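Beneath this line is the structure, given in C-alpha cells, with notes to follow.
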Amino acid sequence: MGHHDGVTSAQPRAERRARLSRRARDGLRDPIAWAALVQNAKVVLAAVLAWMVATDILGLHTPILAAWSAVLVVHATLYRTFARGAQQIGATVLAVVLAWVVGKVLGLGAIQLGVALALAFAIGRLRWLRDESTTLATTTIVVLGTGYLDRSNLFFGRLFDTLVGIGVGLLVNLLVWPPLRDRAASSYVHEIAHEIGDVLTEISSGLGPDLGQEQIEDWLDACRQVDVHHDEAWGLVRQARESARFNPRRRARALPVGDLEDVLHGMEQAVSEVQSIVRTVSLSVEGANAWEEGFRGRWADLVQAAAAAIATDDPEGLEHVRAELGRLAVDLSTEDLRASHWQEYGGLILNLRNVVTSMSPVALWHRQRVAAMGGSDRAVRPA
C-alpha cells in the first residue's frame, strides 16, 4: 500500500515537471517573447555603452544622464526611434534647461521639485511634446537629482551627457539586430485562430438539454477575450509594418504584412459570426425552444469538425464542413419545421458557414508560412 501511495504521489509531480518543461520549450520558441527579450537586451546594452562612453572616453561628470537618455530612445522599431527621436531630444534638452533654471533660481528641495514638475507638465501639453510629457517630467527629476548648485558650467556638461546617451541609443537600435516584428505578429495572429477554434469546441461539447445561461455567458466572455486579442494583433501588425521602415535588413524589403492584414480581416468576420452563434443559442435557451435531435447532433458535429480543422490549419477540412452544411440545409428543407426552428437553424447554418469561409484563408496562410519556415510552426529566432 505504501509503495502504491508513493507511486501515485509521484505522478502529479512528474506531470507538473512535464508541463513546466513544455512551457519552457514553448517560451524559448515564442517569437513574441524573443522580441521582448532582444528589445530589453538592446536597452541594457545602450545604457551600458552610453555610460562607458560618457565616463571612459569623454570623461563627463554625470553618466547617469547618458544612460537615462539611451534607455529613452531605444524603441521597438527603427522608424519609431527616428520619428520620436527629435521629440525626445527636444523634451530632454528642455528638461535639462528647466532643471538648471529652477536649480539656479530657487535652489534644490521638495518645493522646488514640485515647481519644476508643474512647469514640465505644462510644457508637455504643447502639441509637439504631448507624447513626451512623461519623458520631460522624469528627466527633470533625474537632472535635479544630480545637483545644479555646485558649478554653473556643469549645465553644458549635463546637456552633452544627454546628447551622448541619445546618440548611443540611436546607434544601438540601428546596428544591433534592427527589429522586425513580422514573426511576433504572425505568431500572435495564429494563436487567435486557435482561440476561435477553442470557443467552437466549447460550443459543440456544451450543446444539450442541460445547457444554461451561465455556460453561455462563459462562451460570450471567451468571444470578448478573442475580440480583445484581435485588436492587440492589429497593433502588432501595424508595428510589423512600421518595423520595415528605415530597416537595413534584407528581409525588411519583402515583409508580408499585407497578408497578415488580409488574415486579420477574415478573422474579424469569424469572431463576429461566432458571437452571433452564441447569441442565437442564448435566445433559444431563454425561449425554451428545444431543438430537434436530428439538427442538434449534425450541427454540433460540424461545429466540432470546424474547430478541429482550425486547430490543425486544414483548409480542406474547412471546405468539407462548408459542403456538409449545404447538405444539412438541403435535408432540412424537406422537413416540416416550425417557423422558430427555421429561423434558428438557418441562422446557425449561415453563421457557421461564414466562420469556415473566413477561416479557410487563415489556415491556408499558416500552411504556407510553415512551408516557408522549413516546416516549423514556431520561429526559434527572434522576430
Determine the dipole magnitude for the stretch 283-330: charges of +1 sit on the beta-carbon of Lys and Arg, -1 on that of Asp and Glu, nothing else is charged, the reference point is the Cα centre, and the result goes in debye to the nearest 20. 160
So if each residue of separation counts as 0.36 nm, and I subtract the Cα-Cα distance between GLN343 and VAL38, what length gain in nm does that give? 104.5 nm
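Nearest 0.05, what FRET efficiency do HIS265 and PHE121 give at R0 = 41 Å with Cβ-Cβ as r?
Efficiency, rounded to the nearest 0.05: 0.55.
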Potential lengthening between VAL330 and LEU283 on full extension [0.36 nm per residue; Cα-Cα distance subtracted]: 14.5 nm
List, in order, the whole-Hz ³J(HN,Hα) value for each residue of the stretch 279-285 obtained from phi through the Karplus relation with A = 6.51, B = -1.76, C = 1.60 and θ = phi - 60°; use x for Gly and Pro. 5, 5, 4, 4, 5, 5, 5
Run the simple label-point estimate for GLN368 and GLU293 please: 7 Å along Cα→C-beta, distance reported in nm. 4.6
Going by average Cβ neighbours within 10 Å, how do the peptides 213-222, 302-311, 267-276 rank, with the highest at the top? 302-311, 267-276, 213-222
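Values in this text are rule-based calculations from the coordinates and carry no lab data. These numbers come from a predicted model, not from an experiment. All Cβ positions, even for glycine, are placed from backbone atoms using ideal geometry, and neighbour counts span all protein chains on display.
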